[in-house]
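Here the structure is laid out as structure tokens; the discussion comes afterwards.
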Amino acid sequence: GDEFVVLVGGAVRGGEKVEDRLQAVRRAVAEPVEIGGRSFQVTCSMGVAAYPEHGRNATELMARADAAMYRAKEIGRDAMQVFTAELANRAHEKLVQQEELRRALARSELFLQYQPQMDLSNGRIFAVEALIRWRHPERGLVAPGDFIPLAEETGLIGPIGDWTLREACRQNKAWQVSGLPPIVVSVNVSARQFQEKDWVERVAAALSESGLEARYLELELTESMIMEDVQQAVETMHRLERLGQRLAIDDFGTGYSSLASLKRFPVGRLKIDRSFVRDLPDDGDDAAIARAVISLAHSLHLRVIAEGVETREQIDFLREAGCDEIQGFYLSRPIDARALQAILCIPAL
Ligand code: C2E
Ligand code: MG
Ligand code: MG
């Protein structure tokens, strides 16, 4: 696809270093390309392995150059990284972690916490977001940011995502059966799940298995996963909508969705990303962005929720700006199902 191997053979001439040659390759790649009258520029990340110190055959050299390239990408793209012993350890660690994650599901080490969402007009908890955690036997509690990327890379996100969906539906139905006022449960969807051919059927199966009505389940999508293939995404979203499914756009404002496509998405609400909420109300730029997102959402007849609300001042600002709903530590951190049940018993906060 977009990976290339460069073999720098022969002895390097006097005074010249391998790095110099690679920099020359990089400069050549960075030359702007003209397509349809517009100029485009590409960058590249390079991983370097040398014979014989980093590997004694082609397979070893390629694997190590690959590990170095991934490191280069992490550093911030458009970078070059030479293979090191530390990288060898990391590659090994990653393999171990992958095996552990594979077993985590079977050993019931994964569980969900729930973070309440409040309607600012009446103080009611009307929904919760399900957030996955991994109780690792040695490392303790592992946050999703530390294993979801690995799950996506290895395809384990398939079974893990299915489990999350089923567990969230089961729990929500259980709250309803126990007599609590019905609420919506929001589940985060990863790009890879969303692109699976039978994704809509899997959602339908989770609903029918649990007996939860579709309107009590919401799926959180991100702009980037939709923008990868807008046509396909809109089609999938319409199929979900026909199930009676609610859809939201998570981390809104951090992706690249065009306003033209936003109006085609059958979504019910936008979640203003935490990064725009954090410095409210003092940061003038963030205040302007928050107001703009709220008014954009309302013009498109969408509801809008602010994520990561931690202070009274943020709430005051958001309420005044017309924001419909809030979620964040001010209200509650993500908590276990049992603790959440106690909060749901309170009629209005
Ligand atoms: P997200 O969907 O944007 O979730 C909100 C994150 O913000 C959660 O972090 C939550 O704990 C945190 N948060 C909420 N309120 C506050 C606040 O007031 N202050 C601060 N500082 N943080 C707050 P968490 O649980 O670590 O999740 C991180 C991300 O991992 C999520 O971001 C979501 O993208 C992903 N994720 C979580 N669970 C799942 C899952 O089941 N499946 C998939 N695919 N992704 C998940
Ligand atoms: Mg979310
Ligand atoms: Mg978010």
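The values are calculated or read from the model by the stated rules, or taken from the named source; none is laboratory data. Small disclaimer: the values here were computed from a predicted structure and weren't measured. Note that each Cβ is placed from the backbone with ideal geometry, even for glycine, and that neighbours are counted across all protein chains shown. Ligands, DNA and RNA are stripped out before the accessible areas are found, and what is left, the full protein with its side chains, is counted by its heavy atoms. Shrake-Rupley method; radii C 1.70, N 1.55, O 1.52, S 1.80 Å.
Residue count for segment 207-227 under the criterion of being more than 14 Å from the chain's Cα centre (by Cα) and crowded, with 19+ Cβ neighbours inside 10 Å: the result is 6. In the condition set (1) under 30 Å from Glu201 (Cβ atoms); (2) at pLDDT 90 or above, Arg124 is compliant with all but (1). Of note, Thr43 satisfies the criterion of being touching a residue at least 12 places away in the same chain (Cβ under 8 Å) and open to solvent by 80 Å² or more (accessible area, probe 1.4 Å).
Cβ separations smaller than 6 Å between residues 6+ apart or across chains give the following pairs from segment 229-256 residues that are closer than 17 Å to Leu270 by Cβ to residues that are open to solvent by 80 Å² or more (accessible area, probe 1.4 Å): Val234/Arg264. Inspection of segment 149-167 identifies no residue that is more than 18 Å from the chain's Cα centre (by Cα) and free of Cβ contacts under 8 Å to residues at least 24 places away in the same chain.
Filtering segment 298-345 to residues that are open to solvent by 40 Å² or more (accessible area, probe 1.4 Å), hydroxyl-bearing (Ser, Thr, Tyr) and part of a loop (DSSP other than H, G, I, E, B) leaves Thr311, Tyr330. Taken together, the residues in segment 108-148 that are in contact (Cβ under 8 Å) with a residue 12 or more places away in the chain, more than 13 Å from ligand 2 (Cβ to nearest atom) and within 23 Å of Cys169 (Cα to Cα) amount to 13. Restricting attention to segment 282-297, the residues that are open to solvent by 50 Å² or more (accessible area, probe 1.4 Å) and either within 16 Å of ligand 3 (Cβ to nearest atom) or assigned to a loop (DSSP other than H, G, I, E, B) (or both) add up to 3.
Within segment 130-168, the residues that satisfy the criterion of being away from ligand 1 (no atom under 13 Å from the Cβ) and either aromatic (Phe, Trp, Tyr) or surrounded by 14 or more Cβ atoms within 10 Å (Cβ to Cβ) (or both) are Arg135, His136, Thr154. Restricted to segment 103-129, and to residues there that are touching a helix residue (DSSP H, G or I) at 6+ places or on another chain (Cβ under 7 Å) and under 14 Å from Leu340 (Cα atoms), the residue that is nearest to ligand 1 (Cβ to nearest atom) is Leu112. The helices (runs of 4 or more DSSP H) located wholly in segment 228-277 that include 2 or more residues which are modelled with pLDDT under 95 and open to solvent by less than 70 Å² (accessible area, probe 1.4 Å) occupy 230-243, 259-262.
The rows are residues; the columns are (1) part of a loop (DSSP other than H, G, I, E, B); (2) touching a His at 6+ places or on another chain (Cβ under 8 Å); (3) open to solvent by 70 Å² or more (accessible area, probe 1.4 Å); (4) closer than 19 Å to Arg90 by Cβ.
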position	(1), (2), (3), (4)
Gly1	yes, no, yes, no
Val25	no, no, no, no
Ser39	no, no, yes, no
Tyr51	yes, no, yes, no
Arg56	yes, no, yes, no
Glu60	no, yes, no, yes
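Can you pull out every residue in segment 190-216 that is modelled with pLDDT of 95 or more, outside any helix (DSSP H, G or I) and either in contact with a Gly (Cβ under 8 Å, 6 or more places away or on another chain) or within 14 Å of Asp162 (Cβ to Cβ) (or both)? Hit for segment 190-216 is Glu213, nothing else. Every test in (1) open to solvent by 10 Å² or more (accessible area, probe 1.4 Å); (2) within 15 Å of ligand 2 (Cβ to nearest atom); (3) closer than 14 Å to Leu217 by Cα is passed by Val185 save one, and that test is (1).
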